[in-house]
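This report concerns only the one structure given below.
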Amino acid sequence: MVCESWKAKLDTYLDGEVAEDEMRTFDAHARGCASCSADALARVQMKRAIQVAGKRFTPSAEFRQRIQRRVAAKPRRSFRMGWMLAAAAAIILAVGTLTSNYLGIRSGNEASSRDHAYSEIADLHVETLASASPVDVVSTDRHTVKPWFQGKIPFAFNLPELQNSPFSLLGGRMTYLDQTPGAHLIYDLRKHHISVFVFQERSLSPTLAASLNANSPSPKQLPFNLETWSQGGLRYFVIGDVSVADIDSLARLLKSAS
Amino acid sequence: MFYYVDVSGANLQTDSFEELAMPLFDQLYNFAQWLTQNREEAEDLVQETYAKALKGFSSFQLGTNFRAWMYRILRNTFLTSRTGLKATMTVPLDSEEDGPELAIEPDTPETLLFERSNREQLQSAIDELPVYSREVLLLCEVEEMSYQEISEALSIPIGTVMSRLSRARRALRTRLRPMMRETGAGAIE
């Protein structure tokens with residue numbers, strides 16, 4: 001009876017799928033049982049024979065090359081497409097900024113400090129996306145990215161856990177706004193890149209900080225959606241070509257981590 | 001773009017779909033031809049699998065098993081193909097009432113097979129298995145996937161993996177027995 005119960009799960013045992021203590025018990029049993037050890041040997045032989053016989057078909061070199069070409073070409077093309085879109089966005093932004101400046105001069109109004117900051121943030125975002133190496137620390141792990149900034153910027157910040165969110169962290173780099181060093185993080189959402197900027201609020205010029213506290217909606221002339229807030233003495237900007245809801249969703253994650 | 005993914009249990013950092021998917025090419029092709037039993041159809045199946053995987057790569061869940069994900073795409077593509085539909089229509093629905101596993105006999109096909117090393121006979125016996133039995137057997141024995149990984153690749157519960165595997169092995173032994181008799185090995189029974 002003992003042997004029968006073992007033999008019923010002999011395959012599962014040989015597949016390495018029974019608990020460790022059960023494995024040890026069976027090993028001990030098989031050492032003293034000729035019948036079970038013979039069955040185990042036979043089934044191991046069968047497993048080996050199937051493994052050898054199962055490696056039966058080999059793809060042709062021509063077919064391999066065809067697939068290799070396809071998978072090699074597409075990501076690069078889409079990657080280039082991403083930079084082309086970023087470049088196009090940069091041109092739109094430049095034209096938009098020039099037009100806005102022109103109209104501003106014409107109407108005799110100076111661009112507000114806040115709009116200037118938004119424009120700077122948009123420039124930093126586009127400039128980074130158009131760069132061949134958009135991030136200096138390349139990692140999806142917040143525990144790698146966050147320490148990388150230590151000693152490079154005069155403050156620390158927390159990054160959110162993204163496991164159950166649609167966002168993924170691609171990496172980070174140092175950046176400057178208003179002659180102030182800060183952190184620039186890049187997140188991915190369905191192939192769209194979103195920039196998150198973090199600066200020390202007190203390092204920004206009082207005029208700029210005050211204008212950002214005015215809490216007005218993001219400027220309409222930007223080809224991106226943008227959200228900014230101050231929390232724990234840090235100024236955050238989230239900018240990208242995704243929907244307002246997506247920007248807000250990432251902003252909420254950042255707020256909850258801070 | 002960089003991703004951390006779990007490929008067969010190992011964490012790798014890689015910069016493209018190509019680097020993840022191409023090392024699986026030979027084994028996916030082998031599996032595809034086992035399923036389709038035809039070279040041209042296997043090539044079409046693999047090609048479509050790579051096209052779908054590439055397109056859906058952004059939806060791949062980081063930290064999950066990339067190999068199981070690729071096999072799942074291939075297998076789902078096969079099941080919706082003409083050959084796949086035909087193959088599965090001839091297969092009875094899963095039944096968990098297979099009865100207890102019988103104790104193995106001393107004059108087993110396994111022993112005879114090993115002695116005679118008749119690979120072709122074994123291959124044709126695997127060929128004759130219903131597709132649901134064939135795929136689970138190949139993933140376990142050839143690809144050395146764990147039950148969990150097979151469960152992910154085939155989108156079936158682990159219990160079903162075990163029952164299909166058990167049925168496949170039993171069917172294989174039953175099919176091999178008359179083959180061995182024909183070659184004279186059955187005389188010892």
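Starting from the 7 Å offset along Cα-to-Cβ, what nm value, one decimal, do you get for the label separation of residue A:144 and residue A:249?
2.5
Residue A:31 to residue A:51: extension gain in nm, 0.36 nm per residue of separation minus the Cα-Cα distance?
4.6 nm
Among the listed pairs A:191/B:55; A:191/B:52; A:55/B:52, which have their C-alpha atoms separated by more than 18 angstrom in this model?
Checking Cα-Cα distances, A:55/B:52 exceed 18 Å.
Just rank B:71, A:13, fewest to most, by other beta-carbon atoms within 10 angstrom.
Numbers: B:71 25, A:13 19.
Ordered by Cβ neighbours within 10 Å, fewest first: A:13, B:71.
Using a Förster distance of 25 angstrom, determine the FRET efficiency expected from the C-beta separation of residue A:207 and residue A:256, and round it to 0.05.
Using R0 = 25 Å, I get an efficiency of 0.25.
What are the lysines whose alpha-carbon lies under 24 Å from the alpha-carbon of residue A:7, with same-chain residues fewer than 8 places away excluded?
By straight Cα distance, residue A:7 reaches A:47.
With 10 angstrom as the radius, rank B:34, A:229 by how many other C-beta atoms surround their C-beta, starting from the fewest.
Values: B:34 22, A:229 16.
Ascending number of Cβ neighbours within 10 Å: A:229, B:34.
Tell me the label-point distance for the pair residue B:44, residue A:179, using the 7 Å Cα-to-Cβ offset, in nm and rounded to one decimal.
The two pseudo-label positions are separated by 6.9 nm.
Label region A:114-258 by shape, choosing from rounded, prolate and oblate, from the square roots a ≥ b ≥ c of the eigenvalues of the Cα gyration tensor; if a/c is under 1.5 it is rounded, and otherwise prolate applies when a/b is larger than b/c, oblate when it is not.
Numbers: a/c = 1.38, a/b = 1.16, b/c = 1.19.
Because its axes are fairly even, with a/c under 1.5, region A:114-258 counts as rounded.
Could you work out the Rg to Rh ratio of region A:10-69, with Rh taken as the Kirkwood radius (inverse of the mean 1/r over all Cα pairs)?
Working: Rg = 18.6 Å, Rh = 14.3 Å.
So for region A:10-69, dividing Rg by the Kirkwood Rh gives 1.31.
Which order results if B:140, A:3 are arranged by neighbouring Cβ count within 10 Å, fewest first?
With the fewest neighbours first, B:140, A:3 line up as A:3, B:140.
Each value in this text was obtained by applying a stated rule to the coordinates, not by laboratory testing. Given the structure is predicted, the values throughout are model-derived calculations rather than measurements. FYI the Cβ positions are ideal-geometry reconstructions off the backbone, even for glycines, and counts take in every protein chain you see.
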